[in-house]
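The values are calculated or read from the model by the stated rules, or taken from the named source; none is laboratory data. The structure displayed is predicted, hence computed values, not measured ones. Cβ placement follows ideal geometry from the backbone for every residue including glycine, while neighbour counts extend to all protein chains displayed. All accessible areas refer to the heavy atoms of the entire protein, side chains included, with ligands and DNA or RNA removed. Shrake-Rupley method; radii C 1.70, N 1.55, O 1.52, S 1.80 Å.
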There are 2 protein chains.
Amino acid sequence: MAGAGPQPVDLLVTGIAQLATPRGSTPRTGADLDALQLVDDAAVAVDDGRVVAVGPEAELAPRHAPREVLDAAGGTVVPGFVDAHTHPVFDGTREAEFELRTRGATYVEIAEAGGGILSSVRGVRAASRERLEAGLLQRLDRFLALGTTTVEAKSGYGLTLADEVKCLEAIAAAGARHPVEVVPTFLGAHDFPPEFRDARERYVDLLHDEMLPRVRERGLAEYCDVFTEAHVFDLASSRRLMERARDLGFGVRMHVDQLTALGGAELAAELGAASADHLEFVSDAGIEALARADVVPVLCPLVPLYLRVEREVPARRMVAGGLAPALATDFNPGSCYCQSIPEVLTWAALRLGFTAGEALTAATLNAACSLGRGDRLGSLEPGKDADLVVLDVPDHRFLVYEFGRNPVRAVVKRGRVVHRRGEEAA
Amino acid sequence: MAGAGPQPVDLLVTGIAQLATPRGSTPRTGADLDALQLVDDAAVAVDDGRVVAVGPEAELAPRHAPREVLDAAGGTVVPGFVDAHTHPVFDGTREAEFELRTRGATYVEIAEAGGGILSSVRGVRAASRERLEAGLLQRLDRFLALGTTTVEAKSGYGLTLADEVKCLEAIAAAGARHPVEVVPTFLGAHDFPPEFRDARERYVDLLHDEMLPRVRERGLAEYCDVFTEAHVFDLASSRRLMERARDLGFGVRMHVDQLTALGGAELAAELGAASADHLEFVSDAGIEALARADVVPVLCPLVPLYLRVEREVPARRMVAGGLAPALATDFNPGSCYCQSIPEVLTWAALRLGFTAGEALTAATLNAACSLGRGDRLGSLEPGKDADLVVLDVPDHRFLVYEFGRNPVRAVVKRGRVVHRRGEEAA
């Protein structure tokens, strides 16, 4: 290239006070979890949807002839956030249930008052696919405005084959129309539907014999998930379903050890799951098993606070034990009505002891790896997808230090500027 | 008026799915704390900066001829938030200290690394009044964008007469130029300045003999505050300073019982303080004393979480004991880098057990009362200032149910539309 003119590129992001990114394509743990690449006064060159170069603007600007320039105006640039655990397909919110919980209502009282997962099931069953898609598109707009460029989206409020398919079709339709990349997960094993309340094993049979193969043959989900907990899917049922899912070609994600120390982490490890999620009650043996099996723990630090449970996931022990954690919102209408990864990062610092670098790595590269996309997403390096967020802060540490507002100024997905904030301060 | 045409007014706010407001001009407690007026499909008529009428749009619209219409577009309208406890005059942020705390550094280690209040003192002393004013104006922009229309602003990072006056002049100058109403508080007794580290009583003398009277004669502060805690201003010093402040005509606010059960609440009650703030360690006797003296407790539910202290203020006991709590951010660069009252409301629900109605009353009417402005601010009723916030949610309960983003669509202060959000979702 020596002697040639500047290289034409689609986009040059300039005016970056600090660029902060993890590096690599595999999950980071230990000291690597905190080993960001930091570049001051940086630029990012983008072509054909991919990162071409990252470095000091003084070096990059003369070498590139961009068709478009995005001025970060002294802000910070980080990789697009990857939210590896959400339940965004629902119709109707649960603010009344939140109020009941504030007044001290128990789980049973809330269920008796018509709340809980089954209230969302009623909403989804009554809604058309088009209506679910429209609601999901609005939520994807909000994810994008908050800097999330890739989101895992679970079904799980249908609990019949037809209603679960309807949710997954809404996910597919919305994902095809929206800049946010959507990774579909089938969560038919979220709870037992009311019509199977007294015949639980028959619902497990239905999932095993019919729902799983049908969803798989229609190509509607990459992953299959189960809520493994004594009061819903016990270890035996979870094993049976997830073995079947794995045999059918799904990747496996599991809700485990969230409310009790059931041993779900050990099962996730044995099954070679892509992720084990929640884990507030995981045992040391569970942590060791996850580490041996290279399962990514997906941590949701907003949820215990939101559920008014004092138990926090033992994140430092996980990192010390060689695990490579991801962070997620767990956005859903019952146990976490929040779509903001910046908010998650602050609470990961406050509740789990994550530094800014660790938190950022967990919500980008490690989350991407948990979704099988570490080769393409989660860091800003040549060859990777140009998914990036411009923040109106001088330094990536403000992602944990500041909270309660949206710091996102602009978002680029696959090289396209897909979101720009208005003029307001927050 | 019967038979006359519609009344000309400056502004009509229409399209309000729900209007939610406390009522009255005095602090609310007990069941009254949760007794919002709720009006569906509402409108608000405003003239000459004041509320003229609140009610169903179908009734109000025909009766008023507005010069301007603000369409709430199906959102919720609430009174402008009143943030009764902030430290917004500083130069330089403390994100490095936040990271040290995440890594487990103690208070002493942080101070030795150059952190803590005294690091902000260095910053303020080195900054010009103009620079402090410019920084404060930016922060007022952000308060406004987050729905705060009145903010109490403390000095307290100067700790010399000249530097404290500089901070209070910056507050006065910014307040005069900005739509947000700023209530100035002198907090020279925030900490001991380094030059008095070994002569603490001399700094108390200086405050008592010189700083308090000079600040008062210049009319730079309505309130005087003290950080009452064993390691800073003990009960005897606090009493001496606050008696002097009261005699000089300041209203009294006090940081009390935040870190230890020193008995600061009892002292605040004895002194007839307008507010007693923090109170995580208040005793039952302290609660009783505050109730007898009608002191408003200003609660800051973000701070224990931010400081990684598990202790929460006994808010339910306070309400049961007849206290009328206010809620505030305590925005400052060390122990709470957050300016969002919506965020405070969620954490008041999650950590303190406030319902949506209680939280909203505490952050509007009760906060206004703690600042001596209950007759004019804190509720949407005829005759009061037209300070209101349009939220992009269907119901006031979303103020607690949802978090981690800014729900504010528009803000009206004294009848003027002073903020409109851009097009983005968050």
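Here are the numbers:
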item	result
Answer from A:ALA368, A:ALA349, A:ALA328 - the residue that is at the interface with chain B (Cβ under 8 Å from one of its Cβ atoms), within 18 Å of the chain's Cα centre (by Cα) and among the aliphatic types (A, V, I, L, M)	A:ALA349
Qualifying residues in the stretch B:26-76 (those that are closer than 30 Å to B:ARG292 by Cα, in contact (Cβ under 8 Å) with a residue 60 or more places away in the chain and aliphatic (A, V, I, L, M)) - the one surrounded by the fewest Cβ atoms within 10 Å (Cβ to Cβ)	B:ALA35
Residues of the stretch B:77-114 satisfying the condition of being among the small types (Gly, Ala, Ser), away from chain A (no Cβ under 14 Å), part of a loop (DSSP other than H, G, I, E, B) and open to solvent by 10 Å² or more (accessible area, probe 1.4 Å)	B:ALA113, B:GLY114
Strands (runs of 3 or more DSSP E) wholly inside the stretch B:1-72 containing at least 1 residues that are touching a Pro at 6+ places or on another chain (Cβ under 9 Å) and within 22 Å of B:ALA349 (Cβ to Cβ)	B:7-21, B:37-47
Qualifying residue in the stretch B:214-221 (condition: in contact with a Phe, Trp or Tyr (Cβ under 6 Å, 6 or more places away or on another chain), modelled with pLDDT of 95 or more and in a helix (DSSP H, G or I))	yes
Unique residue being more than 10 Å from every other protein chain (Cβ to nearest Cβ) and under 12 Å from A:GLY147 (Cβ atoms) when the list is A:LEU388, A:LEU399	A:LEU388
Of all residues making up the stretch A:301-311, the number that are on the phi < 0 side of the Ramachandran plot, touching a Lys or Arg at 6+ places or on another chain (Cβ under 9 Å), in a loop (DSSP other than H, G, I, E, B) and within 11 Å of chain B (Cβ to nearest Cβ)	1
Odd one out for B:ARG316, checked against (1) in contact (Cβ under 8 Å) with a residue 40 or more places away in the chain; (2) open to solvent by 10 Å² or more (accessible area, probe 1.4 Å); (3) part of a helix (DSSP H, G or I)	(1)
Hey, A:VAL393 part of a loop (DSSP other than H, G, I, E, B) and either away from every other protein chain (no Cβ under 14 Å) or surrounded by fewer than 24 Cβ atoms within 10 Å (Cβ to Cβ) (or both) or not	yes
Where a residue in the stretch A:256-269 is not assigned by TED's automatic domain parsing to the domain that holds A:SER335 and its partner, wherever it lies, is part of a helix (DSSP H, G or I) and open to solvent by 60 Å² or more (accessible area, probe 1.4 Å), with Cβ under 8 Å and at least six apart	none
Exclusive hit being of a type outside the set (Ser, Thr, Tyr), closer than 22 Å to B:GLY15 by Cα and crowded, with 22+ Cβ neighbours inside 10 Å, set B:ASN366, B:ASN406	B:ASN406
Filter result (free of Cβ contacts under 8 Å to residues at least 40 places away in the same chain, in a loop (DSSP other than H, G, I, E, B) and open to solvent by less than 10 Å² (accessible area, probe 1.4 Å)) within the stretch B:324-363	B:CYS338
Verdict on A:VAL252 being in a helix (DSSP H, G or I), β-branched (Val, Ile, Thr) and touching a residue at least 12 places away in the same chain (Cβ under 8 Å)	no
